[in-house]
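Asks: To start, I am sharing the structure in question, which I have written as structure tokens.
Each value in this text was obtained by applying a stated rule to the coordinates, not by laboratory testing. Computed from a prediction, not measured in an experiment: that's the story for all the values here. Every residue, glycine among them, receives a Cβ derived from its backbone with ideal geometry; neighbour counts consider all protein chains shown.
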Amino acid sequence: MTDAITIDTRGLSCPLPVLLAKKQLRAIAPGALVRILATDPLAPEDFRDFCRVSGCAWVGSREAKDGALEITIRQTEA
């Protein structure tokens, strides 16, 4: 996923990962893939909820090589 924009929220706890991503998403073009790195175990659930209310598209989540969570969403609005 080399074309994705990365937002690193490792070390932050809820609600900070979503708030940081929401702020940075304002500058990201619609259609872009956004990869969020997180260590908060609730981050995938938080971002699924965020996608439901923000209009972003949930792509998925997985464990990254370093043990962090890697969450992927697609920006759908400017």
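Asks: Order these peptides, 22-32, 6-16, by their mean beta-carbon neighbour count within 10 angstrom, highest first. Could the numbers behind the result be given before it?
Replies: Working: 22-32: 12.5, 6-16: 15.0.
Final packing ranking: 6-16, 22-32.
Asks: Label points 7 Å out from Cα along the Cβ direction at Leu16 and Ala57: separation in nm?
Replies: 3.2
Asks: If you don't mind, another one. Tell me, in nm to one decimal, what length is gained between Ile5 and Arg74 on full extension, where the rule is 0.36 nm per residue of separation less the Cα-Cα distance? Write out the running numbers ahead of the final one.
Replies: Details: separation 69, 0.36 × 69 = 24.84 nm, distance 1.00 nm.
Here the answer is 23.8 nm.
Asks: Further question on the same structure: What's the angle, to the nearest 10 degrees (0 to 90), between helix 43-54's Cα axis and the longest principal axis of the chain?
Replies: That helix lies at roughly 10 degrees to the long axis.
Asks: From the residues Cys51, Gly11, Ile36, which one has its Cα farthest along the dipole of the chain in the positive direction, the dipole being from +1 and -1 charges on Cβ of Lys/Arg and Asp/Glu about the Cα centre?
Replies: Towards the positive end, the residue furthest out is Cys51.
Asks: Percent relative contact order of segment 5-74, based on C-alpha pairs within less than 8 angstrom and at least six residues apart? Mind dumping the intermediate values first?
Replies: On the way: 112 pairs, mean separation 24.8, N = 70.
RCO, segment 5-74: 35 percent.
Asks: A follow-up question, please. Can you give me the long-range amide H partners of Ile7? Hydrogens built in the peptide plane at 1.01 Å from N, cutoff under 5 Å, separation of 5 or more residues or another chain.
Replies: Counting only residues 5 or more places away or on other chains, the set is Arg35, Ile36, Leu37.
Asks: Given the -39500 (n - 2.57) contribution per DSSP H run of 4+ residues, what per-residue ellipticity at 222 nm results for the chain, rounded to the nearest 500 deg cm²/dmol? Before the final figure, lay out the partial values.
Replies: On the way: 2 runs with 22 residues, N = 78.
Helix contribution divided over all residues of the chain: -8500 deg cm²/dmol.
Asks: Something else about it: Enter the angle in degrees (range 0 to 90, nearest 10) between the Cα long axis of helix 16-25 and the first principal axis of the Cα atoms of the chain, meaning the one along which they spread out most.
Replies: That helix lies at roughly 30 degrees to the long axis.
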